[in-house]
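Chemist: Quick one: the structure is below, questions incoming.
The values are calculated or read from the model by the stated rules, or taken from the named source; none is laboratory data. This is a predicted model, so every value here is computed, not measured. Every residue, glycine as well, gets a Cβ built from its backbone with ideal geometry; the counts of neighbours run over all protein chains shown. In case anyone asks, the SASA skips ligands and DNA or RNA and just uses the protein heavy atoms, side chains included. Shrake-Rupley method; radii C 1.70, N 1.55, O 1.52, S 1.80 Å.
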Amino acid sequence: MATRTDAPTRREQILKEAARLFAERGFHGVGVDEIGAAVGISGPGLYRHFAGKDAMLAELLVGISDSLLTGAKRRLAEAGEATGSAAVLDSLIEGHIDFALDDRPLITLHDRELDRLRDADRKMVRQLQRQYVELWVGVLREVYPAVGEPAARSAVHSVFGLLNSTPHLGRPGSLPGRTVTASLLHRMARGAFAAVAGEERGE
């Protein structure tokens, strides 16, 4: 995923190209041979790494949900008691923005193809997502104690919708630089949370 700094493995290369192709043309619009060609191996050679396209889709969607949750837990642990809750919230927002900017095909894939997963895999995705949301809710309520739990949960889902809108912002080359876009998204996320807190206080 986007947080890796070492060279990707062949398996990761396959997943990256599969995500891109699935997002561009749909799950059923892409053949195994095309995925193989994108990473320089034969279509049948993919079966040394994955049982088939369904297995790739499951690993992509379960994998990104797990990666987001693991990253959020790590940011929370690294913050420690010395870091204020507002800084932790900023760190969570930064982590999700990294995903939203660097893994845009996975957002499209999740929106379009989640229902194609086997029941067990889809339930796993939902379970990981719920844990991710609740982690954010806890931090948000530490920053804004006046915000009730239902409002905090709705706010978190809304901010995810905002941040996950990146596939619809235009072609990669048509956006401002990554730093500018990340800063804008961060300000918008914090502004949305502050607005919810102000409403709860009657402001």
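Chemist: When only alpha-carbon atoms are used, what values of Rg and Dmax, in angstrom, describe region 39-124?
Modeler: 16.6, 53
Chemist: What is the angle, in °, between the Cα long axis of helix 10-25 and the longest principal axis of the Cα atoms in the chain? Nearest 10 is fine, range 0 to 90.
Modeler: 80
Chemist: Same structure again: If you project the alpha carbons of the chain onto their three principal axes, what span does each projection cover, largest first, in Å?
Modeler: Largest to smallest, the principal-axis extents are 60, 38, 30 Å.
Chemist: Report, to the nearest whole %, how much of the accessible area of the chain belongs to carbon and sulfur atoms, 1.4 Å probe, protein only.
Modeler: For the chain, the apolar C and S fraction of the accessible surface comes to 53 percent.
Chemist: Along the charge dipole of the chain, which of Gly40, Ala100, Gly161 sits closest to the positive end, that is, farthest toward it, with unit charges on the beta carbon of Lys, Arg, Asp and Glu (+1, +1, -1, -1)?
Modeler: Of the options given, the answer is Gly40.
Chemist: Now a separate question. What is the Cα coordinate range of region 84-203 on the first, second and third principal axes, sorted by size from largest, in whole angstrom?
Modeler: 41, 39, 24
Chemist: Something else about it: Quick one: putting +1 on the C-beta of Lys and Arg, -1 on the C-beta of Asp and Glu, what dipole do you get for region 33-92 around its Cα centre, in Debye to the nearest 20?
Modeler: Charge dipole of region 33-92: 100 debye, to the nearest 20.
Chemist: Roughly how many whole Å is it from the C-alpha centroid of region 27-106 to that of region 122-149?
Modeler: 19
Chemist: Answer with one residue from Pro8, Phe50, Ala77: the one whose Cα lies farthest towards the positive end of the charge dipole of region 1-128, charges on Cβ with Lys, Arg +1 and Asp, Glu -1.
Modeler: Phe50
Chemist: Looking at Ala151, Val139, Ser91, which one has the Cα that reaches farthest to the positive end of the dipole of the chain (charges on Cβ: Lys, Arg +1; Asp, Glu -1)?
Modeler: Value computed over the given set: Ser91.
Chemist: Say each of Arg178 and Arg25 gets a label point 7 Å from the Cα, pointing the same way as Cα to Cβ; how far apart are those two points in nm?
Modeler: Taking the simple label geometry, Arg178 and Arg25 are separated by 2.7 nm.
Chemist: Okay, moving on. Hey, what's the Cα Rg ratio for region 64-114 versus the globular rule of thumb, 2.2 N^0.38 Å?
Modeler: 1.31
Chemist: Divide by every residue of the chain the summed helix terms, -39500 (n - 2.57) for each DSSP H run of at least 4, and state the resulting mean residue ellipticity at 222 nm, rounded to the nearest 500 deg cm²/dmol.
Modeler: That comes out to -23500 deg cm²/dmol.
Chemist: What's the magnitude of the charge dipole for the chain around its Cα centre, counting Lys and Arg as +1 and Asp and Glu as -1 at the beta-carbon? Answer in Debye, nearest 20.
Modeler: 320
Chemist: Quick one: Karplus J couplings for region 84-89, per residue in order, coefficients 6.51, -1.76, 1.60, θ = phi - 60°, nearest Hz, x for Gly and Pro?
Modeler: Calculated HN-Hα couplings, in order: x, 4, 5, 5, 5, 4 Hz.
Chemist: What figure, in Å² to the nearest 10, do you get for the accessible area of Arg187 with a 1.4 Å probe and non-protein molecules left out?
Modeler: My reading of the accessible area for Arg187 is about 150 Å².
Chemist: Now for a separate question. Kindly report the accessible area of the chain per residue (heavy atoms of protein chains, probe 1.4 Å, no ligands, DNA or RNA), in Å².
Modeler: For the chain, the per-residue accessible area is 53 Å².
Chemist: Convert each backbone phi in region 69-77 into a coupling constant with the Karplus relation 6.51 cos²θ - 1.76 cosθ + 1.60 (shift: θ = phi - 60°), then list the ³J(HN,Hα) values in order as whole Hz, x for Gly and Pro.
Modeler: The phi angles translate into 5, 4, x, 5, 5, 5, 4, 5, 5 Hz.
Chemist: Give the Rg (one decimal place) followed by the Dmax (whole number) of region 100-152, computed from C-alpha coordinates and expressed in Å.
Modeler: Expressed in Å, the Cα Rg and Dmax of region 100-152 come to 14.5, 40.
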